[in-house]
Amino acid sequence: MMLKSVRIRLEFNAEVLRNEIFDVHDFASFQNFWQRFENFLADRMVVGHLNVLEGHGLIPSDFKDVDGQLAYQVGEDDYQIAYDQIAREWTVTIR
């Protein structure tokens with residue numbers, strides 16, 4: 001089955017965290033980035049907003065490593081992306 005490509009838009013206002021996405025090179029470094037991203041949101045009491053976005057399929061969920069690529073779901077659709085392409089394909093903006 002050919003997996004689709006999708007543009008993900010992550011918005012937050014921490015320059016340092018935004019730059020950390022460029023350090024993602026494997027599943028462990030991705031998990032570290034994603035945990036820091038979720039903690040950043042939780043610290044700002046917008047976890048409900050994150051859950052609403054996830055529920056509408058606007059951010060990925062259910063991450064795992066499949067054949068050396070990041071596999072995840074957006075809504076009910078499955079996607080795969082090479083780790084070195086995340087920073088390029090996912091739009092991370094500062095708000």
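Only residues that are of a type in the set (V, I, T) and at pLDDT 75 or above: list them for region 65-95, please.
V66, V74, I81, I86
Can V16 be described as part of a helix (DSSP H, G or I) and either modelled with pLDDT of 75 or more or open to solvent by 20 Å² or more (accessible area, probe 1.4 Å) (or both)? First the steps, then the outcome.
Numbers: part of a helix (DSSP H, G or I): yes; either modelled with pLDDT of 75 or more or open to solvent by 20 Å² or more (accessible area, probe 1.4 Å) (or both): yes.
Yes, satisfied.
Give me the residue from region 40-52 that is over 12 Å from the mean Cα position of the chain (by Cα), of a type outside the set (V, I, T) and open to solvent by less than 80 Å² (accessible area, probe 1.4 Å) and, out of that set, modelled with the highest pLDDT.
Checked region 40-52; the qualifying residue modelled with the highest pLDDT is F40.
The values are calculated or read from the model by the stated rules, or taken from the named source; none is laboratory data. The shown structure was predicted, so the numbers you read here are calculated from the model rather than taken from an experiment. Areas reflect the complete protein model, heavy atoms only, side chains present, ligands, DNA and RNA absent. Shrake-Rupley method; radii C 1.70, N 1.55, O 1.52, S 1.80 Å.
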